[in-house]
Amino acid sequence: MSRGGARIGSHGGRCRTGPWHWPHAPDGPMSMPWESMSARSRPHPVWWWFPAPTSTLPPACRWSPRWPSYVVDVPGQPGLSAADRPGHHRSARYGQWLQEVLDEISPGPTVVVGHSLSGAIALACDVPRLTGRVLVSPAGLTRLKVTGRVLAATLPWLARPTEARSATLLRQMHGSGRYPSAEPVTWMTLLARSCRSGLAPAPLPEGTLARSRRVTNVVATGEHDVFLPPSRLAAPAFRHLGVAVTTVPGAGHLVVEEHPETIVTLVAALMSGNMADGLLRRPLTTTSRLG
């Protein structure tokens, strides 16, 4: 399976997505400007996002002064990676792909951050250098909840995608009182016009989840997540990983876009050991800031 790093169009050695700029290698896995050999003895995050890779940039930029980081796209999923999608034993093959990525770019201790499908991929990977996971609205622990309102927004979007229909679907994924910004709307419209939608990922095998307990896992989800609300994740997170679920107040499924500072707070807490049973030792609020 291809390692499939993100590839971004460039101009003059820099690339741009929205308001963020960074140097990059156009023919390989995209590395952020803060990636450095001297920092490789410290744990550093590896970030996945599905389906819109541009949405990882706000949290990635926020943790840039602290940790060398990589942003990579998942093969076979919408984005800038390889087009091949694994067939049988998908979770195992994605876990193998992640191991190959870590072998390539991460010789030392590594913390992995995964959202949605990427959370399941992170759980499916178990290598010695992996020292922790921050799993945001992760698939792989239980089946996703699909409501009638989500189906009513999804079917017209698939049948005849327009920006208005993309916005309606994204609105279902946001927290209360939030509305999608222009870039994700454009991205979702492009997806429906250009890609074949895949099925929601199934829970990972029991043996895979049992092995994932070897390292510290942090599980977080939005208070209003339409697919994986806290009430749906709490029991399987405790049963399989032995941790409680951190609820992000006011957030929906798109926690990464809505509250990037919260993701940074969770990564910092995991690295500093400021966690107990998967929860911050101090209550989480959406106004949390790193010291």
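Remarks
- Stretched out straight at 0.36 nm per residue, the stretch from Val127 to Ser272 would grow longer than its current Cα-Cα span by 50.1 nm.
- Per DSSP, loop trypsin sites (Lys or Arg not before Pro) in region 114-170 with at most 16 further Cβ within 10 Å: Arg129, Arg143, Lys145
- Residues Leu151 and Glu206, FRET efficiency given R0 of 35 Å [Cβ-Cβ distance, rounded to 0.05]: 0.75
- In this simple spin-label approximation, Ala182 and Thr162 carry label points 7 Å from Cα along the Cα→Cβ vector, and these lie 1.9 nm apart.
- Cα-only Debye scattering, region 148-194: base-10 log of I(q)/I(0) at q = 0.18, 0.24, 0.28 Å⁻¹: -0.46, -0.79, -1.01
Read-outs: derived from the displayed coordinates by stated rules, not from any lab. Quick caveat, the model's predicted, so the values are computed rather than measured. Because the Cβ atoms are built from the backbone with ideal geometry, glycine has one as well, and the counts that use them run over all protein chains shown.
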